[in-house]
Amino acid sequence: MKYLYIYVYNKYIIMQVWSSVMSRESTLAYEIVKDYTKHMNPKFTNNDRKIKYECFGIKKKTCIITGEYINGKGDHLHSVRGNVSSDCSWGSDTLWNIIPVCGRLNSTYKKVKFLIDGIEPYEKDIGCHILTQEEQDYVEQNYSEPLAPNGPTKLEIYNKIQNWKKYCNNKNVVLHVENIAEIDRIIKNHVNITLTRMTEEIQLILDNYFNK
């Protein structure tokens, strides 16, 4: 652990700058991927928005599950960097890849756990994974309850997502980028080097300033 000592009013204040700054490595890598993926697709038009709302059976910016108006950004079908270790992919940070879902549900509505006889239990994300017919039958039987009063079931959500993805595919939209393990590692390494150099340089600047 490195510390930055700042001399103020005759007392040394110890700041754990190293850990605080370096903890932003993943955040910066996330923002880099967001910026890059924003320029990968055609412009999202009002007609595209209309088609999206029709695919999900909503009006305006309402949650596809509860029907309530949402103020937030929504949920990425393909996580920006959350699937790097599992699926080796980046999701685009565009309205093509974002659907309106209220905050309290956006971490659970896509998750499906499969407990099939003779098979090791596993989980899939219906936002970014394709389900086999057997898996769709399993979801229909075991997740038959709507996720909200008068709302859709998980299988209905899955089918709506697939309809939207078909539209995106016809428009040559890139929702996610695969096989990014190597470039993601390079980006994280570069961010790490940059943060390390920046921290050391700022430490020298502050030392010189407060120890004149």
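Values quoted throughout were computed directly from the atomic coordinates according to the rules given, and no laboratory measurement underlies them. Since we're looking at a predicted model, the values are computed, not measured. With ideal geometry, Cβ positions are generated from the backbone for all residues, glycine too; neighbour counts draw on all protein chains shown.
The trypsin sites (Lys or Arg not before Pro) of the range 20-93 meeting both criteria, a DSSP state outside H, G, I, E and B (loop) and at most 11 other C-beta atoms within 10 angstrom of the site's C-beta, are 38, 43, 59, 60. For the residues 27, 94, 196, what sequence is obtained by ranking on other C-beta atoms within 10 Å, fewest first? So the ranking, lowest neighbour count to highest, is 27, 196, 94. For each pair in 43/111; 38/60; 43/160; 110/188; 52/111; 59/110, compute the distance between the two Cα atoms and list the pairs where it is over 25 Å. In this structure, 43/111; 110/188 exceed 25 Å between Cα atoms.
Taking the empirical scaling 2.2 N^0.38 Å for compact globular proteins as reference, the range 118-187 has a Cα radius of gyration ratio of 1.41. The length gained by stretching the chain between residue 45 and residue 107 to full extension, at 0.36 nm per residue less their Cα-Cα distance, is 19.6 nm. Working from the Cα coordinates of the range 4-210, the gyration tensor eigenvalues give, after taking √(5λ), semi-axes of 41, 20, 18 Å in decreasing order. Of the GluC sites (Glu not before Pro) found in the range 25-82, those that fall in a DSSP loop while having at most 11 other beta-carbon atoms within 10 Å are 68.
Rounded to the nearest whole Hz, the Karplus-based 3J(HN,Hα) values (6.51 cos²θ - 1.76 cosθ + 1.60, θ = phi - 60°) of the range 45-62 follow the sequence 9, 4, 5, 4, 4, 4, 5, 4, 4, 5, 4, 9, x, 10, 10, 6, 9, 10, with x at glycine and proline.
Ranked by how many other Cβ atoms sit within 10 Å of their own Cβ, fewest first, the residues 129, 76 fall in the order 129, 76.
Loop-resident GluC sites (Glu not before Pro) (DSSP state other than H, G, I, E or B) in the range 123-212 with no more than 13 further Cβ atoms inside 10 Å of their Cβ are absent.
On full extension, the segment bounded by residue 134 and residue 116 gains 5.5 nm, given 0.36 nm per residue less the C-alpha separation.
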